[in-house]
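> Here it is: the structure, laid out below.
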Amino acid sequence: MPMLLAIELAYWQETAIKVAVMAVLVPTTALILGIVFLFKMMSWMQSRMGPQEAGPRGLLQLLADGVKFLQKEDIIPDAADRFVFKAAPIVVLVSTFLTYVVVPAGPDLVIENLPTGIFFAMAVSSLSVIGVLMAGWASSNKYALMGGLRAAGQLIAYELPLVLAVTGVVIQVGSLSMQDIVWAQATGEIFGWGGIGLPLILTQILAFFVFMAAVQAELAQPPFDMPIAETEVVGGYHIEYTGFRFLFFFLGEFATAFAFAAIAATLFLGGWYVPGIPPDSVWANVVGPIALFVKIMFVSFLIFWFRFTYPRFREDQLQTFAWKYLIPLSLVNITVTGIVVVAF
Amino acid sequence: MPKVPGMVKGLGVTFKTMVDTLKPSGGPVTVPYPHVKEEPTARARGVIALHEDNCTACMLCSRECPDWCIYIEAHKTLAPPRRAGGKPRQVNALDRFAIDYSLCMYCGICVEVCPFDALFWSPEYEFSEVRIADLLHEKERLGEWMQTVPEFEPYEAGSEAKPKKVPAYDPR
Amino acid sequence: MTLTESQQLAYVAAQAADARVNLQFETDDGMTLNIGPQHPATHGTLRIIVRLDGEQVVRAEPYPGYMHRGYEKLCEVRTYPQVTTLVNRIDWLGSFANEVPFILAAEKLMDIEAPPRAQVIRTILFELSRMANVSLFLGDLGIQLGGITIGFYAFRDREFVLNQIESATGGRFHPNFDRIGGLKDDLPKGWIAETKRCMERMRTFCDQFETLVLGNEIFQARTRGIGVIPPDVARSYGLTGANIRGSGVDWDLRRDSVPPGLSYDKADWKVHTHPDGDSFARTWVRLQEVRESTLIVDQLLDAIPSGPVMAKVPRIIKVPEGEAYVATENPLGEMGYYVVSKGDLVPFRVKIRSASFNNISIVPWVTRGVFVPDMVTILASLYFILGDIDR
Ligand code: SF4
Ligand code: SF4
């Protein structure tokens, strides 16, 4: 960022700017996903037109809902473990915020270009399990407890295929840095033709499939939404939450969806790279975020399309699916990738 | 050809519905209510209108109503004779005719049993109130509903019934 | 507020009874979960006390009664024409179907038969209310399993059926259209053509449901082999309707014993059964039933004879002394009215046999050892309506 602006900033100034950007970015992305997919696309898929009243064509509905949540009474159950109960949504939100840190939106537009970026993203995204478990336990509600335990089991089970799917990409690129992965795709060639670079989805299609399935489960979206299944455990771990604490969970859910879509777009679809614009030009910094956004919207469309079409699995079927299908599949993918990388 | 998995076909159904909803020829099935209103059918039982001239205060409707939510008060009086030179007729004059819509079940029995065609169904449905007591419509209010009563529909082929006539609305 | 002594005693006794139930459940090991009376899976106010071992159900016991409205007693102080408007509210999704058996019982006692035109139209409306009811079940099953989209499709297409019911009877939910000796009114012009279009829509909905839910591998994994009810168990618990046909028992009152006053013989149709007896089978049978219903309606629409819709009936209806039981195949199963008359304006006693009350009696048997999510599937596929359980 300092390079782009051509101004030298002190470390604390830089950090302040980064924090401000994050504080704006995360809720905005959650809002965008919520409005575009949860409200509009779902309505269209169900022959409805969605919210119409708040703002032009109802586009501000989610803002209005947010304000409504803020006005609600903050209820904490008598028997709840108050400290843990209050802390849980914050833990979830922190994990979401941290995931955004390493996703690059341009050659220089990245909050922190960690050399182990993808490893960091996977690690902090699994922090949310702790928040969910805390919420489930502290609510002192049987449904919440069941939901929390289900969530914990599910998130841990799907952490593995997620990481294994990423491993395939990492082996092929040879780096853990998200920037390096984008550069590898931008400068790659398909049998000597470099017109569109080499989006890794072409070689890692298996990993892409496993990654998307695992992301769906990580986000607790149908068909893997048992932790919050309202017909079984009535909202699961957020059954006792109201007002802004519920809003935190809501924000966390959608912002995490956006973050995972961003990671998927970066790993498999070339991230900020646009064919035709050289990745080292200044223009890449301008067009990059837009390109990334378009790709993210495409991936989120897939995520939400599945969400609105499928019924949900049962808890044990979900574990079976993870351990018997996804993990072997991703192991096969790693083996093949490894052999190919070593052989050529 | 291998069978397309059901999960893929399901995705097709939702996608097609989305496209249909967005197409100008398709459109959503819902209407944004306060701005656009759906027309109820002519027979829809929305609110009961009273044509006071026809009512003889015979009390049949209030007796047959399953939850007794019609209140009628009347007194006997003399009306001018029908033909010139005749005797004045003794009639019942309505003092009060009220239907409590907070109790009414919209069953239609009162309209059906009225022997003098004084009650009619109107499809009007927008008469909700903030206070429940305001749902008690007195005879002036019930009379005003007569403006919204549609003509009876003609019957389907093969029917022997004849559509009735709705009396003209006369504002008092 | 001061209570009299007897009130206090009654209160203490009620508390003690509640405590006994709780104690009984709490003293075994494991966890007791109260599903309901306000829980989305019980579509209404059914309370099911579940004893859990992990997520596995050890024992589940339904406690109905939270919505008891005492219709049997209310019927005793309503004249015969007034009863139909009450019984509309028993199974509120297929409300016209509730009136028919009562009216048929009264007609049997009075020895009146409705004119042929009325009989055919009555049958058409009966089938329309079956569609309105069962298509909502299909959508609700999707919602219970987390696929909300099919629920919206069900609401969307069911709306057209309700519109047809409304334009004929005047009421979307509570038609109150059936009368002793015929129908309240004749059909309005253009209704037949419009209903045919509506049947087309319903068939499209059935196809959509088939691809979106029945054909979905996740749905099959969730329902196949879950909640299996063998035929003899189904019989011994008194299941009726699609639940028993899903267990492979070929039993349908519309074909086996149609009471006089309905004209199912005018149409050519068949009864669907499924040998498996699991949740999938019950859903499949219901879907086929909606399809079959659209075909019945299509045929009957072409076969409406001309003539009056009301027989000669005295203005003030007094039913002669006697008793009669008439049952019909309602959307949820066998629904019957046992009417006892002492020759009065009002029935002396009405006993209502509603399908759901018997259908949920199998819940403790069929949910032993299943997981909580499966219990939701089983409850949804057994399909009950709270008003039909509690009356
Ligand atoms: S519609 Fe029925 S409940 Fe309402 S006033 Fe008339 S008879 Fe009474
Ligand atoms: S039945 Fe008709 S005429 Fe008699 S009191 Fe009622 S409205 Fe008036």
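> Would you kindly derive the ³J(HN,Hα) couplings of the range B:116-123 from the backbone phi angles with the Karplus curve 6.51 cos²θ - 1.76 cosθ + 1.60 (θ = phi - 60°), listing them in order in whole Hz, with x for Gly and Pro?
Values per residue, Gly and Pro as x: 10, 6, 9, 10, 9, 8, 10, x Hz.
> Please state, as a whole number in µm²/s, the translational diffusion coefficient that the Stokes-Einstein equation yields for the range A:4-107 at 10 °C and 1.306 mPa s, with Rh defined as the Kirkwood radius across alpha carbon pairs. Don't skip to the answer; put the middle values down first.
Working: Rh = 17.2 Å.
D, rounded to a whole number, is 92 µm²/s.
> Counting C-alpha atoms alone, how compact is the range A:104-174: give Rg to one decimal and Dmax as a whole number, in angstrom.
Computed over the Cα atoms of the range A:104-174, radius of gyration and Dmax are 16.2, 49 Å.
> Something else now. Treating cross-link reach as a plain straight distance, find the aspartates and glutamates whose alpha-carbon is under 12 Å from the alpha-carbon of C:Lys196, omitting any fewer than eight places away in the same chain.
C:Asp298, C:Asp302
> Could you run the Debye sum over the Cα atoms of the range A:277-343, one equal point scatterer each and no solvent, and tell me log10 of I(q)/I(0) at q = 0.11 Å⁻¹, two decimals?
Treating every Cα as an identical point scatterer, log10 I(q)/I(0) equals -0.58.
> So what is the calculated 222 nm ellipticity per residue for chain C, using -39500 (n - 2.57) for each DSSP H run with n of 4 or more, over all residues, to the nearest 500 deg cm²/dmol? Don't skip to the answer; put the middle values down first.
Working: 16 runs with 192 residues, N = 391.
The helix contribution divided over chain C gives -15000 deg cm²/dmol.
> Given that compact globular proteins tend to follow 2.2 N^0.38 Å, what is the ratio of the alpha-carbon Rg of the range A:136-289 to that value? Provide the component values of the computation, followed by the final result.
On the way: Rg = 19.2 Å, N = 154, 2.2 N^0.38 = 14.9 Å.
Cα-based Rg divided by the globular estimate yields 1.29.
> Next question, about the same structure. How many Å³ per residue does the convex hull of the Cα positions in chain C occupy?
Values: hull volume 61.1 nm³, N = 391.
Given the Cα convex hull of chain C, per-residue volume reads 156 Å³.
> Which value in Å does the Kirkwood hydrodynamic radius of the range B:26-110 take, with 1/r averaged over all unlike C-alpha pairs and then inverted?
Numbers: mean 1/r = 0.0610 Å⁻¹.
16.4 Å is the Kirkwood radius here.
> Give me the orientation-averaged projected area of the Cα convex hull of the range A:56-124, in nm², one decimal.
On the way: hull surface 32.0 nm².
Result: 8.0 nm².
> Rounded to the nearest 500, what is the 222 nm mean residue ellipticity of chain B from helices alone, with -39500 (n - 2.57) per DSSP H run of 4+ residues and division by all residues? Walk me through the numbers before you get to the answer.
Details: 4 runs with 33 residues, N = 172.
Roughly -5000 deg cm²/dmol at 222 nm, from the helical runs in chain B.
> So, one more: Mind checking the mean number of beta-carbon atoms from other chains within 10 Å of the Cβ atoms in B:65-74? Walk me through the intermediate numbers first.
Details: counts 2, 11, 4, 0, 0, 0, 0, 0, 0, 0.
Counting other chains' Cβ atoms within 10 Å and averaging over B:65-74 gives 2.
> Related question: Per residue of B:43-50, how many C-beta atoms from partner chains lie within 10 Å of its own C-beta, taken as a mean?
Numbers: counts 8, 7, 8, 1, 0, 0, 0, 0.
Going residue by residue through B:43-50 and averaging, the value is 3.
> Moving on. What chymotrypsin sites (Phe, Trp or Tyr not before Pro) does the range B:70-172 have in DSSP loop regions with at most 14 other beta carbons within 10 Å? Display every interim value, and only then the final one.
Values: sites: B:Tyr71, B:Phe97, B:Tyr101, B:Tyr106, B:Phe116, B:Phe120, B:Trp121, B:Tyr125, B:Phe127, B:Trp145, B:Phe152, B:Tyr155, B:Tyr169; in loops: B:Tyr101, B:Tyr106, B:Phe116, B:Tyr125, B:Phe127, B:Phe152, B:Tyr169.
Of the chymotrypsin sites (Phe, Trp or Tyr not before Pro), the ones in loops of the range B:70-172 whose Cβ has at most 14 other Cβ atoms within 10 Å are B:Phe116, B:Tyr125, B:Phe127, B:Tyr169.
> Whole number please: convex hull volume per residue, Cα atoms of chain B, in Å³.
Numbers: hull volume 43.0 nm³, N = 172.
Here the figure is 250 Å³ per residue.
> Return the tail of the calculated pair distribution for the range C:144-189, meaning the percent of Cα-Cα pairs more than 13 Å apart.
Working: 662 of 1035 pairs.
The calculated P(r) of the range C:144-189 puts 64 percent of pairs beyond 13 Å.
> Tell me, what HN-Hα J-couplings in whole Hz come from the Karplus equation 6.51 cos²θ - 1.76 cosθ + 1.60 at θ = phi - 60° for each residue of the range B:20-27, using x for Gly and Pro?
Whole-Hz 3J(HN,Hα) from phi for the range B:20-27: 4, 5, 7, 5, x, 6, x, x.
> Using a Gaussian network model on chain A with a 10 Å cutoff between Cα atoms, which of A:Ala257, A:Ala291, A:Ala16 fluctuates the most?
Most flexible of the set in this elastic network: A:Ala16.
> Farthest toward the dipole's positive end in the range C:91-217, which of C:Phe173, C:Phe137, C:Thr195, given Cβ charges of +1 (Lys, Arg) and -1 (Asp, Glu) about the Cα centre?
Final value for the positive-end residue is C:Thr195.
> Considering only the other residues whose Cβ falls under 13 Å of the Cβ of B:Asp134, what net charge follows from Lys and Arg at +1 and Asp and Glu at -1? Show your work: numbers first, answer last.
On the way: positive: B:Arg131, B:Arg141; negative: B:Asp100, B:Glu129, B:Glu138.
Overall, the nearby charge balance is -1.
> Another question, then. Rounded to two decimals, what is the ratio between the C-alpha radius of gyration of the protein assembly as shown and 2.2 N^0.38 Å?
Details: Rg = 32.8 Å, N = 907, 2.2 N^0.38 = 29.3 Å.
Cα-based Rg divided by the globular estimate yields 1.12.
> Here's a follow-up. Once Rh is set to the Kirkwood radius over Cα pairs, what Stokes-Einstein translational diffusion coefficient, in µm²/s, holds for the range C:199-252 at a temperature of 10 °C and a viscosity of 1.306 mPa s? Intermediate values should be presented prior to the final figure.
Values: Rh = 13.0 Å.
Answer from the Stokes-Einstein relation: 122 µm²/s.
> Enter the per residue convex hull volume of the range C:231-305, computed from alpha-carbon coordinates, in Å³ rounded to the nearest integer. Let's see the in-between values first.
On the way: hull volume 5.8 nm³, N = 75.
Per-residue hull volume (Cα only) is 78 Å³.
> Of the trypsin sites (Lys or Arg not before Pro) in the range B:47-85, which ones lie in a loop per DSSP and count no more than 11 other C-beta atoms within 10 Å? Intermediate results must be reported in sequence, preceding the final value.
Numbers: sites: B:Arg63, B:Lys76, B:Arg82, B:Arg83; in loops: B:Arg82, B:Arg83.
Answer in residue order: B:Arg82, B:Arg83.
> Report the Stokes-Einstein translational diffusion coefficient (µm² s⁻¹, integer) for the range A:71-343, Rh taken as the Kirkwood radius over Cα pairs, at 37 °C with viscosity 0.692 mPa s.
On the way: Rh = 19.3 Å.
Estimated diffusion coefficient is 170 µm²/s.
> Other chains near C:208-220: what is the mean number of their Cβ atoms within 10 Å of each residue's Cβ?
On the way: counts 5, 1, 3, 8, 12, 5, 1, 9, 10, 6, 12, 7, 1.
So the per-residue partner count for this stretch is 6.
> Please give the calculated 222 nm ellipticity per residue for chain A, where each DSSP H segment of at least 4 residues contributes -39500 (n - 2.57) and the sum is spread over every residue; nearest 500 deg cm²/dmol?
It comes out at -20500 deg cm²/dmol, rounded to the nearest 500.
No lab work stands behind these numbers, since they all come straight from the coordinates. Model, not experiment: these values are computed from the prediction. Quick reminder, even Gly has a Cβ in these numbers, built from the backbone with ideal geometry, and neighbours come from all protein chains shown.
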